[in-house]
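Engineer: One structure, pasted below without further comment.
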Amino acid sequence: MSASVSTVPDASTRLAARGLTLAYEDRTVVEELDLAIPDGEVTVVVGPNACGKSTTLRALGRLLKPRAGAVLLDGAELARTPTRTIARSIGLLPQSPVAPEAITVSDLVSRGRQPHQRWWQQWSEEDERAVTEAMERTDVTALGDRPVDELSGGQRQRVWIAMALAQDTDLLLLDEPTTYLDIAHQVEVLDLVRQLNRERGRTVVMVLHDLNQATRYADHLVAMKDGRVIARGRPADIVDADLVREVFGLEAVVVPCPVTGDPLVVPGAPWQADGAAQVPAAGGPSSRSLRKATS
């Protein structure tokens, strides 16, 4: 059985949650959560639907006010920190962002530079460089003059990521950044995140649904269920069949990825009609035994 790893915030961590309780009206989603985000690493949060992972990310970006506890940025409560200071330190891409009607791609990406501007200096060469580079990195340069609301879902997602990159912050929070993207663009976005981390030292926190992508790209993995952290640590140290069963209720085999050596989660054999031959997963239970185990 996987053992949970301590989640007490480290005083040296720039971004941390302490005793965090989050709720929507009378429904508590996260309760008394302690979580430290390791500086200079890629942290990925995983868990089943409605477990509180996106809610936690919203609180880390000050989009949601805690019911109790606090989010700390450089040791200071986020709720007491000026908005401009936060915007210069934390870039956030939430789920399903909405663009102003008829705004073009270039204009939307440029809005990522607003925290860096002053009344006496509305636009600079540095702003231009950041926007141009962000659009190139996300492959949206050719879309610059097009209205955002005319783009496909995948194109829009890449434009929003470009805006977050243009903000040029040390901390980057991404809530399901691969939504609407085909597999090739998913890999491109996740490789871009890793590149920003490795080459520029960006601290990244992502919520991902794909557990195998999470184990492949995370330096630090946080597994949540029912508003609490079940385990956290290096993927190789915490991801095994017991953890997958505990967090997701899924019987699976965990083997080393043949490409990276990271944990690779292989679900049990798919359901087959009664009487059909049962093909077990490699080293794992058959689909018949899985049905019995979950019935």
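Engineer: Hey, can you grab everything whose amide H is under 5 Å from the amide H of V205? Only 5+ residues off in sequence or another chain; H modelled, so Pro and N-termini drop out.
Structural biologist: Hits under the 5 Å cutoff: T43, L172, L173, L174.
Engineer: Using +1 at the Cβ of each Lys and Arg and -1 at the Cβ of each Asp and Glu in the stretch 150-191, identify which of I161, L151, V187 lies farthest towards the dipole's positive end.
Structural biologist: The one lying farthest along the dipole's positive direction is L151.
Engineer: For the chain, what is the calculated [θ] at 222 nm in deg cm²/dmol (nearest 500), taking -39500 (n - 2.57) for each run of four or more DSSP H residues and dividing by its residue count?
Structural biologist: About -9000 deg cm²/dmol.
Engineer: Would you grab the residues whose amide H sits under 5 Å from the one on E32? Only those 5+ places off in sequence or on another chain, please, with H modelled 1.01 Å from N.
Structural biologist: Distant-sequence amide H within range of E32: L20, T21, L22.
Engineer: For the stretch 208-281, just the Cα set please: Rg and Dmax, both in angstrom.
Structural biologist: In Å, with Rg to one decimal and Dmax whole: 13.8, 44.
Engineer: Also, I was wondering about something else. So what's the angle, to the nearest 10 degrees on a 0 to 90 scale, between helix 153-166 and the longest Cα principal axis of the chain?
Structural biologist: Between helix and principal axis, roughly 60 degrees.
Engineer: In debye to the nearest 20, how big a dipole does the chain give about its Cα centre with +1 on each Lys and Arg Cβ and -1 on each Asp and Glu Cβ?
Structural biologist: Taking the Cα centre of the chain as origin, the dipole is about 580 debye.
Engineer: Taking 7 Å along the Cα-to-C-beta vector as the label spot, tell me the Q195-L250 distance in nanometres, rounded to one decimal.
Structural biologist: 2.9 nm
Engineer: Ok, one more. Compute the longest continuous run of the chain that contains no exposed GluC sites (Glu not before Pro); treat a site as exposed when its DSSP state is not H, G, I, E or B and it has at most 14 other Cβ atoms within 10 Å.
Structural biologist: The segment 102-295 is the longest one with no such site.
Engineer: Using Cα-Cα distances under 8 Å and only pairs 6 or more residues apart, what relative contact order does the chain have, in percent?
Structural biologist: 22 percent
Engineer: Using Rg/Rh (Cα atoms, Kirkwood Rh) as the read-out, say which of (1) 1.04; (2) 1.16; (3) 1.01 was calculated from these coordinates.
Structural biologist: (3)
Engineer: With the dipole of the chain worked out from charges on the C-beta (+1 for Lys and Arg, -1 for Asp and Glu) around the Cα centre, which of G61, G249, S89 lies farthest toward the positive end?
Structural biologist: Positive-most Cα among the choices belongs to G249.
Engineer: Can you give the percent of C-alpha pairs in the stretch 128-269 whose distance is more than 22 Å?
Structural biologist: More than 22 Å apart: 45 percent of the Cα pairs in the stretch 128-269.
Engineer: Just subtract the alpha-carbon distance of E133 and R228 from 0.36 nm times their residue separation and send over the number in nm, one decimal.
Structural biologist: 30.4 nm
None of the figures in this text is laboratory data; all of them are computed from the coordinates on show. Owing to the predicted nature of the structure, the values given are computational and were not obtained by experimental measurement. As a convention, Cβ positions derive from the backbone with ideal geometry for all residues, glycine included, and neighbour counts pool all protein chains shown.
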